[in-house]
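Report on the structure given below.
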Amino acid sequence: MRGLALPRSPKVILGLGILGFFIVLTVVGPWLAPYNPSSTAFTALLTPSSHHWLGTTSLGQDIFSQLLVGARATMVVALVAGLVATLLSMTIGISAGYLGGVPDDGLTLLSNVFLAIPGVPLLIVIDSYLPVNSRSNEFVIGLIISLTGWAWGARVLRAQTMSLRNRDFVEAARIIGESRRRIMFSEIAPNLLPVLASSLLFTVLYSIGAYVTLAYIGLTSTATWNWGTMLYWAQANNAPLSNEWYWFVPPGICIALVGTGLALVNFGIDEFINPRLRAAGLTARQRRQLGLARRPRLGVTPVLRTASSRQPTGVVAK
Amino acid sequence: MRIVARRLGLYLLTAWVAVTANFILPRLMPGNPVQTLIGKITSQVTPAEIRAIRLSFGMGFKQGIIAQYFTYLGQLFHGNLGVSITLGSPVSSILRESVPWTIGLIGISTIISFALGTLAGALLGWTRGSRFDSMIPTATFFQAVPYFFLGTVMLLVFGSNLHWFPVLGAYSQSATPGWNWTFIASVLRYGELPVISIVLSSVAGWMLGMRNMMITMIGEDFVLMAVAKGLPRRKVIAHAARNAVLPSIANLSLAIGLVVSGALLVELVFNYPGVGDLLLQAVLNEDYPLIQGIFLVITLTVLAANLIADVVYLVLDPRTRSEAAV
């Protein structure tokens with residue numbers, strides 16, 4: 001099994017940098033916040049200043065503190081939902097692909113049904129029936145989001161499993177009498193690592209969007225701080241139309257940046273899986289260093305033999 | 001034909017799941033929502049309305065749960081979605097007014113964004129490794145911005161500050177709705193900004209997907225062949241692009257659900273009178289019959305759009321039509 005050595009393209013480095021920053025923020029954000037985000041002790045609607053970097057809300061709360069504190073809830077929900085959804089899609093996808101036959105038909109049908117139902121409207125319906133105290137629980141919300149977000153990954157993993165199930169190493173494991181569960185999760189799953197990682201990033205991306213959407217329309221508790229509730233309060237107080245950009249732009253930018261980071265790392269994984277994309281992802285300078293033609297040539301897939309050791313040995317034509 | 005029948009079967013099953021979820025969810029709900037809801041109605045509550053509310057929560061029936069389920073299905077088949085608690089009129093007639101706006105807005109935006117994104121993606125794929133690649137992080141950023149947030153920013157910048165576009169609503173107050181030119185012109189004018197923001201948030205997805213397929217496709221022998229026999233570059237690109245677009249179309253049916261989910265919220269931002277705006281009102285007022293009706297209509301519309309996308313794919317890709325591929 002090869003490790004997941006991501007190509008060192010500027011895109012991936014940028015993506016990892018952004019993600020790293022926000023993960024640190026998730027951990028230390030609430031401690032860094034200068035004020036209590038719910039405290040209404042300040043003058044309302046202050047513009048950004050050295051005391052309040054992002055001004056205050058119409059209730060006199062410090063927006064910068066809300067942003068820092070809100071990072072945690074947003075990221076925790078996204079991570080919980082992403083992990084649970086990936087576990088679900090791994091179990092369902094690999095079982096369907098490996099077992100085949102009737103279990104495969106049933107599981108494929110199940111994932112197709114979940115793929116076809118539009119996720120966010122379903123989430124809104126489920127969430128609107130939840131009692132209020134569950135709505136403010138990040139884990140409950142994360143679980144519901146994962147229920148609507150696992151199907152895409154299951155589909156991809158099923159297809160990949162089917163291409164692996166007749167390989168020699170699986171055959172060998174079967175012959176020495178390993179249990180089905182062991183073959184699926186100890187033999188096949190590690191070989192799906194890039195696909196799993198990509199599926200995890202994708203679901204985390206989906207979950208952030210879904211969670212922020214729910215919060216924005218007021219379906220999570222409006223008393224816990226996350227970037228969606230910040231947007232909710234900004235919208236409810238007409239911040240966008242009264243030009244209070246410092247109220248609603250920062251949380252939106254943060255959401256978009258986390259999403260960009262996830263997507264950029266995902267590019268790296270795509271390039272890892274598909275060598276043609278890998279060569280296309282190089283910059284002009286890297287091409288020169290590797291001795292590749294300036295412009296990619298048609299019909300030729302340059303194979304970068306040593307993506308991890310950075311010692312190019314040569315270019316092999318297709 | 002067999003594939004169409006299979007897809008149709010899948011979508012019918014999905015529709016049934018959605019309908020059944022709509023039936024089960026209210027019954028799983030703890031507490032007595034009926035009293036809370038009746039308490040919310042400010043106007044005079046008629047006994048018929050109370051009955052309607054109780055029925056939608058599965059109460060006031062003398063029959064068992066299975067019989068209730070069939071009564072519910074029967075009501076649905078007659079287009080009876082219950083009575084909205086806050087608006088007091090049948091859900092189906094409320095939806096009849098708002099659904100065309102949503103289908104128009106989201107349909108047109110999706111077509112524009114698919115066409116633009118595919119075109120740009122084909123060119124980006126062809127010129128891979130050139131300086132155009134620096135567009136990718138920007139495109140990714142736009143893809144990651146929540147639809148409603150981009151809509152808000154557009155509204156603020158181009159609507160209320162620069163006054164380039166009219167804001168809020170779907171048509172000017174002075175136009176009388178109907179098939180007259182002033183009204184249609186006003187609808188188009190008011191639709192510009194919402195359409196632009198939906199296109200901006202969704203175009204990157206199509207673009208990046210198409211770029212990746214195009215790069216994979218360029219490595220194929222038939223593209224080399226096309227170059228070798230001296231076809232002009234435009235024809236070679238078109239040649240490769242025609243094949244690269246197939247996975248995009250195959251994914252269209254999956255992506256529609258995501259686009260609709262995002263675009264519904266753009267309606268909130270622009271006060272567009274579609275189902276998205278209605279859904280927010282329903283959620284805020286805990287108007288469960290309306291929420292359920294909207295969910296059903298959205299799901300059924302998305303399923304219908306999926307079916308159309310599948311048929312288009314089938315027409316375009318002859319390989320899927322052969323029985324062997326089934």
Averaged across B:291-301, how many Cβ atoms of other chains sit within 10 Å of each residue's Cβ atom? 3
What is the fewest-to-most order of A:178, A:187, B:97 by other Cβ atoms lying within 10 Å of their Cβ? B:97, A:178, A:187
Taking 8 Å as the Cα distance limit and 6 or more residues as the minimum spacing, I'd like the relative contact order of segment A:2-310 as a percentage. 25
What's the FRET efficiency of residue B:46 with residue B:97 using the Cβ-Cβ distance as r and R₀ = 35 Å, to the nearest 0.05? 0.95
Considering Cα pairs under 8 angstrom that are at least six residues apart, work out the relative contact order of segment B:97-287 and quote it in whole percent. 37
Principal axes first, then extents: for the Cα atoms of segment A:114-172, list largest minus smallest coordinate on each axis, whole Å, largest first. 53, 23, 10
Ranked highest first by average number of other Cβ atoms within 10 Å, how do B:288-295, B:270-277, B:8-15, B:254-261 line up? B:288-295, B:270-277, B:254-261, B:8-15
Residue mean of other protein chain beta carbons inside 10 Å, B:162-170: 0
Got a sec? How would A:272, A:267 order by Cβ neighbour count within 10 Å, fewest to most? A:272, A:267
So how long is each side of chain B along the principal axes, counting just the alpha-carbon atoms, biggest first, in Å? 79, 57, 39
Give the relative contact order (percent, whole number) for chain B; include only Cα pairs under 8 Å separated by 6+ residues. 25
Along the charge dipole of chain B, which of B:116, B:50, B:294 sits closest to the positive end, that is, farthest toward it, with unit charges on the beta carbon of Lys, Arg, Asp and Glu (+1, +1, -1, -1)? B:116
Percent of Cα-Cα pairs per 10 Å bin, from 0 to the last occupied bin, for the protein assembly as shown, please list those. 3, 14, 24, 26, 20, 10, 3, 1, 0
Tell me, what ³J(HN,Hα) does each residue in segment B:248-253 have, in order and in whole Hz, if you take phi through Karplus 6.51 cos²θ - 1.76 cosθ + 1.60 with θ = phi - 60° and put x for Gly and Pro? 4, 5, 4, 7, 3, 5
Apply the Karplus parameterisation 6.51 cos²θ - 1.76 cosθ + 1.60, with θ equal to phi minus 60°, to every residue of segment A:130-145 and state each ³J(HN,Hα) to the nearest whole Hz, in sequence, with x for glycine and proline. 6, x, 4, 5, 6, 5, 8, 8, 4, 6, 4, 4, x, 5, 5, 4
Charge tally in the Cβ shell below 12 Å around residue A:180, where Lys, Arg are +1 and Asp, Glu are -1, residue A:180 excluded: +2
Show me the ranking of peptides B:121-131, B:231-241 by mean Cβ neighbours inside 10 Å, starting with the highest. B:121-131, B:231-241
With charges set only on the Cβ (+1 for Lys and Arg, -1 for Asp and Glu), what does the dipole of the protein assembly as shown come to about its Cα centre, in debye to the nearest 20? 2480
As a check on your grasp of the helix formula, calculate [θ] at 222 nm for chain B: sum -39500 (n - 2.57) over DSSP H runs of n ≥ 4, divide by the residue count, round to the nearest 500. -24500 deg cm²/dmol
Number of partner chain Cβ atoms within 10 Å, mean per residue of A:110-116: 6
Given H placed on each backbone N at 1.01 Å, which residues far from residue B:83 in sequence or on other chains put an amide H within less than 5 Å of it? B:91
The alpha-carbon pair-distance distribution computed for segment A:2-310, with 20 angstrom bins and whole-percent values, is 28, 49, 22, 1
Short version: ³J(HN,Hα) in whole Hz for each residue of segment A:237-251, in order, from phi by Karplus 6.51 cos²θ - 1.76 cosθ + 1.60 (θ = phi - 60°), x for Gly and Pro, what are they? 9, 6, 4, x, 7, 9, 6, 8, 4, 5, 8, 9, 6, x, x
What full-extension length gain, to one decimal in nm, is calculated for residue B:16 and residue B:65 as 0.36 nm per residue of separation minus the Cα-Cα distance? 15.9 nm
Using per-residue counts of other Cβ atoms within 10 Å, averaged over each peptide, order A:41-47, B:87-93, A:221-227, A:247-253 from highest down. A:247-253, A:221-227, B:87-93, A:41-47
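Where a number appears in this text, it was derived from the coordinates with a stated rule and is not lab data. These numbers come from a predicted model, not from an experiment. No Cβ is skipped: glycine too gets one built from the backbone with ideal geometry, and neighbour counts run over all protein chains shown.
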